[in-house]
Amino acid sequence: MTERVIEVAGVEKAYRFFRLGSVSLELEAGQILGFVGPNGAGKSTLMRILMGMIRHDRGTVRVLGHPIPEEQASAKRDIGFVSEDMRLHGNVTLAWYMKFVASIYAGWDAAYADVLLRRFNLHADQDIKALSHGERVKATLLLALARRPRLLLLDEPTTGLDPVARHEILTELMAVVEDERRAILFSSHNTQDVEQISDQITFIDRGRIIDSSDKETFIDRWRRLHLDVPAGVTLPALKDVVETRTSGRMAIITTRAYSPGTESIYERAGAHVREVQRMTLEEIFVANVMSNRKEQAA
Amino acid sequence: MHSYLVISQADRRPMYLQIMEQVRRRIAVGDWAPGYEIPSIRALAASVQVSVITVKRAYLELERAGIIVTRQGKGSFVAETSDLRTRLQQGELDEHLSSAIEVGRQLGLTPSHVEKRLRELWDGKPPDDAGKEGKEEDQR
């Protein structure tokens, strides 16, 4: 059986103006999980809980088999965590940081660190304060990757990067999971990056997980149907339709559970299916969030 | 790193279909001969920077279609069927002809009309003397 590297069950955390939960999440070895949500949805809070940096109020968290926060020190030996606010101090060089990290973690791979320096086009002798935003992000990623940790937790690793830097980073992330014992959880609101490299995708909004599935299922089951609806025909109300837009004889249906059978249901009701469109992950995400908020409000 | 295949973001088809098509084409043109060991799922995923699950799905469907075989713990290989290349070339042609037939049906043309037009285009005849149905086609 495949090993679970992250197991989160029924986790809750309440703040004065924000509530996370109840959150359940799993990640298996060899996989990449893309964690997608609007700003302030709770992505960073959950990542900090996984790192033991925030103590949850309720529920259980296990990372690499270790209960968190109790055994966070053992877990962290094999986790590489990168987040926006992990600022590197400016007055030392990247080489200083590489030596520092190498002195703490036994798994530091100096040869791979050199390869990454070249691939990311970084210079070890450069002062941190002289680095651009993109170079800084690549430097923190280098420090995490060169340890070859079994689990990478990356909070918005590609945000604010140019297309070339994003490509370089995605390439390295895909190289990580060539080893099927390793896994990555990364959060992003760049749905294109998530769609490209994730095996599993989890959507979060306002502290709640609103949908979670493997990527192929998402891409297969969410569809838009363009229908001709002759006068006098009433469209059947299907449970998995999240949105219906009508204008004259035309109707556009968004469904979260498409199968070829869906078409015949509408055809039998007297409508004509003109086209069935696939949706990008971004369209799926937005439709998902909107329909969920509507349900919550109702 | 050498690149086995190239996946396009601008191509509206899902990525697993693009992978399947490119594998089929490499076999059809003879780059990958029967019995040839194709890249492992994880190696291909890393090379084209596409999810492991997507490549897995493409391989599974290629296996179902009898185009590749996967031996547990050994890897995936091009199926050793003698007529595989011809079958794939035929399949690609059929795909294009089928969509032409579909368009013909929508325009209400007869098989003989489509056949005649195919012969004319084959001989390099320009689209001028089209009939009533042909005009409809121009408007599309």
**Request:** Collect the residues in the range A:64-95 that are among the β-branched types (Val, Ile, Thr) and more than 30 Å from A:LEU131 (Cβ to Cβ), keeping them in residue-number order.
**Result:** A:ILE68
**Request:** Would you check if A:ILE104 is closer than 27 Å to A:GLU7 by Cα and touching a residue at least 60 places away in the same chain (Cβ under 8 Å)?
**Result:** no
**Request:** For the range A:236-279, enumerate the residues that are small (Gly, Ala, Ser), modelled with pLDDT under 90 and more than 26 Å from A:GLU295 (Cβ to Cβ).
**Result:** A:GLY248
**Request:** Go over the candidates A:ARG245, A:ARG221, A:ARG268, A:ARG208 one by one and state the one that is surrounded by fewer than 19 Cβ atoms within 10 Å (Cβ to Cβ), closer than 29 Å to B:LYS56 by Cβ and not acidic (Asp, Glu).
**Result:** A:ARG221
**Prompt:** Counting only residues that are in a helix (DSSP H, G or I), away from chain B (no Cβ under 12 Å) and surrounded by fewer than 22 Cβ atoms within 10 Å (Cβ to Cβ), how many does the range A:142-185 have?
**Reply:** 3
**Request:** Give me a count of the residues in the range B:79-102 that are in contact (Cβ under 8 Å) with a residue 24 or more places away in the chain, under 16 Å from B:GLN22 (Cβ atoms) and among the acidic types (Asp, Glu).
**Result:** 1
**Prompt:** How about the range A:273-298: which of its residues are surrounded by 14 or more Cβ atoms within 10 Å (Cβ to Cβ) and over 29 Å from A:LEU33 (Cβ atoms)?
**Reply:** A:VAL273
**Prompt:** When you scan the range B:1-78 for helices (runs of 4 or more DSSP H) that lie fully inside it, which ones turn up with 2 or more residues that are away from chain A (no Cβ under 14 Å) and touching a residue at least 60 places away in the same chain (Cβ under 8 Å)?
**Reply:** B:15-28
**Prompt:** Residues that are away from chain B (no Cβ under 14 Å) and under 14 Å from A:ARG150 (Cα atoms): which strands (runs of 3 or more DSSP E) entirely in the range A:25-108 hold 3 or more of them?
**Reply:** A:79-82
**Prompt:** Going by the conditions given, is A:ARG208 in contact with a strand residue (DSSP E or B) (Cβ under 9 Å, 6 or more places away or on another chain) and within 14 Å of chain B (Cβ to nearest Cβ)?
**Reply:** no
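The values are calculated or read from the model by the stated rules, or taken from the named source; none is laboratory data. Please read these numbers as outputs of a predicted model, since none were measured by experiment. Quick reminder, even Gly has a Cβ in these numbers, built from the backbone with ideal geometry, and neighbours come from all protein chains shown.
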